[in-house]
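S.K.: Got a structure for you, written out below as C-alpha cells; questions coming shortly.
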Amino acid sequence: MGLLPTDRMDSLFSPRCVWVTGPIIVGAGPSGLAVAACLREQGVPFVVLERADCIASLWQRRTYNRLKLHLPKQFCQLPRMPFPEDYPEYPTRRQFVDYLERYAAEFEIKPEFGTTVLSARYDETSGLWRVVTNGGAGGDMEYIGRWLVVATGENAEAVVPDIPGLAGFDGEVTHVSEYKSGEAYAGKRVLVVGCGNSGMEVSLDLAEHGARPAMVVRDAVHVLPREVLGTSTFGLAVLLMRWLPLWLVDWLMVLLAWLVLGNLARLGLRRPAAGPLQLKETHGRTPVLDYGALARIRAGDITVVPAVTRFAGKGGQVEVADGRTLGFDAVILATGYRSNVPQWLQGNDFFNKDGYPKTAFPHGWKGESGLYAVGFTRRGLSGASADAVRIAKDLGNVWREETKPTKRAGACHRRCISVVF
Ligand SMILES: Cc1cc2nc3c(=O)[nH]c(=O)nc-3n(C[C@H](O)[C@H](O)[C@H](O)COP(=O)(O)OP(=O)(O)OC[C@H]3O[C@@H](n4cnc5c(N)ncnc54)[C@H](O)[C@@H]3O)c2cc1C
Ligand SMILES: NC(=O)C1=CN([C@@H]2O[C@H](COP(=O)(O)OP(=O)(O)OC[C@H]3O[C@@H](n4cnc5c(N)ncnc54)[C@H](OP(=O)(O)O)[C@@H]3O)[C@@H](O)[C@H]2O)C=CC1
Ligand SMILES: O=C(O)C(=O)Cc1c[nH]c2ccccc12
C-alpha cells in the first residue's frame with residue numbers, strides 16, 4: 001500500500017479517474033476537518049474535496065463581520081484540539097477561523113480546493129463510490145474509492161423564498177450570506193425578511209449603523225436570553241438535560257425567558273406552542289439567543305412587520321399581511337439555508353428529500369455500503385464533533401482490518417480497479 005492517498009490513473013475516458021485509497025470526504029468545513037483529523041491520527045489516508053478556495057468557507061466567505069460563536073467555546077471545539085485558553089467565552093468569527101486553520105495545519109489536512117462534487121453514486125458491481133467533480137487543480141475528475149463521507153453541511157445553499165414580485169423589487173436584494181456590515185446601509189430603509197439568529201443580528205447591526213430596519217416575523221419564534229446571571233442559557237439547558245426530560249427543560253427555558261425578557265408577544269414575537277429544544281430537534285428551528293436586538297425593538301430602532309404578501313414593484317413598495325404598504329430601499333433575506341445533498345448524491349435511501357439522514361441523532365452517521373454523514377444532527381458544532389469521532393473510529397477499525405498484512409494484501413484494490421476501468 002503506497003503512502004499517498006490518491007493515485008492518478010489517466011484513462012481513455014473523460015473525466016480522468018483518481019483512485020482514493022481511503023475515504024473521500026466531501027466538504028472542508030468544521031465537519032469534514034473533524035473527520036479528517038481523527039483519521040489522520042489513526043494513519044488512515046483520505047481525500048477532502050471542497051468547492052470553495054478555502055477551508056470553512058461558510059465562516060470565511062458567507063458570514064457577516066460582527067459574527068461570534070453564540071454558544072460558549074466548550075460546545076464548539078473540534079475533537080483532539082481545544083481552543084486556546086486565552087480565547088474569550090464566545091470566540092469571534094476571525095478567532096474561530098484562525099483556530100480551524102491551525103487545526104487543518106496540525107493534522108496536515110490539505111483539501112482539493114475549487115473542486116465541486118457534481119454527483120456521487122455507489123457502483124454495486126465494483127463495490128466502489130464514483131464521485132464526479134468539476135474545477136480543481138487537475139481539472140474535471142472522477143474520484144473512486146470504498147468510502148464516502150458527506151460533510152457538506154446543513155447550510156450548503158441559501159434559501160431564497162418565492163415571494164410574489166420579489167424579482168421585480170427596484171432596490172438591492174441580498175441574501176444574508178452575502179451581507180458583511182450595516183455600514184453601506186446608513187440612512188436606508190431596509191426590510192429584513194426572517195427572524196432567526198441571522199435576521200435578528202443583522203437587524204441589530206443595521207440599527208447600530210444608522211439604517212432603519214424592519215424585520216419580518218411571519219410566525220411564532222422562541223427568543224431566549226443568551227446568558228442568565230452570567231451563565232450561558234444553552235449551557236444551563238445542556239446541564240439540566242442530564243437529569244430532566246426535554247419537555248421539562250423546555251418549560252424551564254420558557255419560564256426563564258419570560259422572567260428575563262418579559263412578554264415578547266407585545267413586541268410582535270409570539271412563542272410557538274412547542275418548546276425551543278423540541279423544535280430544534282424535530283424541525284431544525286434554532287431558538288434565537290438574544291444579543292441586543294430585543295432592546296432595539298423596544299426602543300423602536302427595529303420595527304417588526306408581519307409576513308410579506310407581495311413586492312409591488314415600483315418605488316420599493318411592499319405589501320404586508322396586515323394590509324399596509326410600506327416602502328424600502330433594500331431587502332435582506334435572512335430566510336435560512338438548506339442541505340444540497342439531494343442535488344448530487346444519487347440512488348441512496350439514507351438521506352431524506354431535504355438532504356438530512358432519515359435516522360435521527362445519534363444514529364444518523366452511518367449508512368450502507370461505506371456511506372457516512374457528518375454534521376447533519378441539528379446540534380451545531382458539538383453534534384458534528386460527536387459524528388466525526390464515531391465515523392473515524394468505525395473507519396479506523398475497517399481500515400485496520402483491511403490492511404492487516406496477509407498474503408493477499410492489496411489484491412482486493414487491484415481487483416476492484418480492474419472492474420471499473
Ligand atoms: C451564521 C452561522 C453561525 C453559526 N454559529 C454556530 C455556533 O455558534 N455554534 C454552533 O455549534 N454552530 C453554529 N452554526 C452551525 C453551523 O452549522 C456550524 O457552525 C458549522 O459551520 C457546520 O459545519 P459543517 O462542516 O457541517 O458545514 P459547513 O461549515 O457549511 O461546511 C461545508 C463545506 O462543504 C462545502 N461543500 C458544499 N457542497 C459541496 C459540494 N457539492 N462539493 C464540494 N464541497 C461542497 C462547502 O463549501 C463548505 O465549505 C452556525 C451556522 C451559521 C450559518
Ligand atoms: N451568532 C451565531 O452563532 C449565529 C448563528 N446562526 C445559526 O445559523 C443557522 C441559520 O440561521 P438563520 O440564517 O437565521 O436561518 P433560520 O433557518 O434559523 O431562520 C430563517 C428565518 O427566515 C424565516 N423565513 C423563511 N422564509 C420566509 C418567508 N418567505 N417569509 C418570511 N420569513 C421567512 C423563518 O421563519 P419561519 O420560522 O416562520 O419559517 C425564520 O425566521 C441557525 O442554526 C442559526 O442558529 C445564525 C446567525 C448567527
Ligand atoms: O447555532 C446553531 O446553528 C446551532 O446549531 C447551535 C445549537 C445547537 N443547539 C442549539 C440550541 C439552541 C441554540 C443553539 C443551538
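S.K.: What does the C-alpha gyration tensor say about the overall shape of segment 67-168? Classify as rounded when a/c is under 1.5, otherwise prolate if a/b is larger than b/c, or oblate.
M.R.: It is oblate, given that a/c is not under 1.5 and a/b is not larger than b/c.
S.K.: By average Cβ neighbour count within 10 Å, what is the ranking of 390-400, 138-148 from highest down?
M.R.: 138-148, 390-400
S.K.: Rounded, prolate or oblate, given the Cα gyration tensor of the chain, with a/c below 1.5 counting as rounded?
M.R.: prolate
S.K.: Here's another thing I want to ask about it. Just order 220-226, 267-273, 381-387 by mean Cβ neighbour count inside 10 Å, highest at the front, would you?
M.R.: Final packing ranking: 381-387, 220-226, 267-273.
S.K.: Tell me the relative contact order for segment 158-333 as a rounded percent, counting alpha carbon contacts under 8 Å between residues six or more apart.
M.R.: The normalised contact order for segment 158-333 reaches 36 percent.
S.K.: Going from most exposed to least, what order do Lys180, Lys110, Lys73 have by accessible area with a 1.4 Å probe?
M.R.: The most accessible residue leads, giving Lys110, Lys180, Lys73.
S.K.: Okay, moving on. Would you mind counting up the charge near Asp387? Only other residues with Cβ under 10 Å from its Cβ, with Lys and Arg at +1 and Asp and Glu at -1.
M.R.: +3
S.K.: Using +1 at the Cβ of each Lys and Arg and -1 at the Cβ of each Asp and Glu in the chain, identify which of His222, Val318, Ala137 lies farthest towards the dipole's positive end.
M.R.: Sorting the options by dipole projection puts first His222.
S.K.: Work out the length of the dipole vector of the chain about its Cα centre, built from +1 on the beta-carbon of each Lys and Arg and -1 on the beta-carbon of each Asp and Glu, and round it to the nearest 20 debye.
M.R.: 560
S.K.: Moving on. Run the numbers for Leu326 and Gln343: contour at 0.36 nm per residue of separation, minus the present Cα-Cα distance, in nm.
M.R.: Between Leu326 and Gln343, full extension yields 2.4 nm more.
S.K.: Taking Cα centroids, how far is segment 361-399 from segment 78-128 in Å?
M.R.: 14
S.K.: Take the cross-link list Lys280/Lys366; Lys73/Lys180; Lys68/Lys366; Lys180/Lys366; Lys188/Lys280 and give me the ones stretching past 25 Å between alpha-carbons.
M.R.: Those over the limit are Lys68/Lys366; Lys180/Lys366; Lys188/Lys280.
S.K.: Over the heavy atoms of Leu326, what accessible area does a 1.4 Å probe trace out, to the nearest 10 Å²?
M.R.: 40
S.K.: If you don't mind, there's one more thing I want to ask. For Leu259, Leu246, Leu239, write out the residues from largest to smallest accessible area, computed with a 1.4 angstrom probe and no ligands counted.
M.R.: Leu259, Leu239, Leu246
S.K.: Also: Helix by helix, which DSSP H runs in the chain go 15 Å or more along their axis at the Cα atoms and have an average Kyte-Doolittle hydropathy of 1.6 or more?
M.R.: TM-like helix candidates: 246-261.
S.K.: Let me cross-check Lys358: its accessible surface, 1.4 Å probe, with only protein heavy atoms counted, in Å² to the nearest 10?
M.R.: 120
S.K.: To the nearest 10 square angstrom, how much accessible area does Met241 have with a 1.4 angstrom probe?
M.R.: 80
S.K.: Further question on the same structure: In whole percent, what relative contact order does the chain give with Cα contacts below 8 Å and a gap of six or more residues?
M.R.: Reported relative contact order: 21 percent.
S.K.: Oh, and also: Considering only the other residues whose Cβ falls under 15 Å of the Cβ of Gly114, what net charge follows from Lys and Arg at +1 and Asp and Glu at -1?
M.R.: -1
S.K.: Another question, then. Name the residue, out of Ala321, Ala207, Ala151, whose mean-square fluctuation peaks in a Gaussian network model built on the chain with Cα pairs under 10 Å.
M.R.: Most flexible of the set in this elastic network: Ala321.
S.K.: Another question, if that's okay. So if I place +1 on the C-beta of Lys and Arg and -1 on the C-beta of Asp and Glu, and nothing else carries charge, what would the dipole magnitude of segment 158-333 be about its Cα centre? I want it in debye, nearest 20.
M.R.: Dipole of segment 158-333, to the nearest 20 debye: 400 debye.
S.K.: Let me ask something else about it. Kindly sort Arg66, Arg80 by accessible area of their heavy atoms, largest first, with the probe set to 1.4 Å.
M.R.: Result of the area sort, largest leading: Arg80, Arg66.
S.K.: Of His209, His175, His283, which is the most mobile in a GNM of the chain whose springs link Cα atoms less than 10 angstrom apart?
M.R.: Maximum among the listed residues: His283.
S.K.: Filter the chymotrypsin sites (Phe, Trp or Tyr not before Pro) in segment 226-266 down to the DSSP loop ones having no more than 14 other Cβ atoms within 10 Å, then list what survives.
M.R.: Trp243
S.K.: How large is the helix-only mean residue ellipticity at 222 nm for the chain, computed as the sum of -39500 (n - 2.57) over DSSP H runs with n ≥ 4, divided by its residue count, in deg cm²/dmol to the nearest 500?
M.R.: Dividing the helical sum by the residues of the chain leaves -8500 deg cm²/dmol.
S.K.: Can I ask one more? Take the Cβ-Cβ distance between Asp86 and Leu252 as r, set R0 to 35 Å, and report the resulting FRET efficiency rounded to the nearest 0.05.
M.R.: Efficiency at R0 = 35 Å is approximately 0.60.
S.K.: I would also like to ask the following. Just to confirm, what accessible area per residue do you get for the chain at 1.4 Å probe, in whole Å²?
M.R.: 47
S.K.: To continue, here is another question. Counting Lys and Arg as +1 and Asp and Glu as -1, what is the net charge of the other residues whose Cβ lies under 13 Å from the Cβ of Asn263?
M.R.: +4
The values are calculated or read from the model by the stated rules, or taken from the named source; none is laboratory data. Computed from a predicted structure; not experimentally measured. Counting neighbours? That spans all protein chains shown, and the Cβs are built from the backbone with ideal geometry, glycine included. We work out accessible area using only protein heavy atoms, side chains counted, and drop any ligands, DNA or RNA first. Shrake-Rupley method; radii C 1.70, N 1.55, O 1.52, S 1.80 Å.
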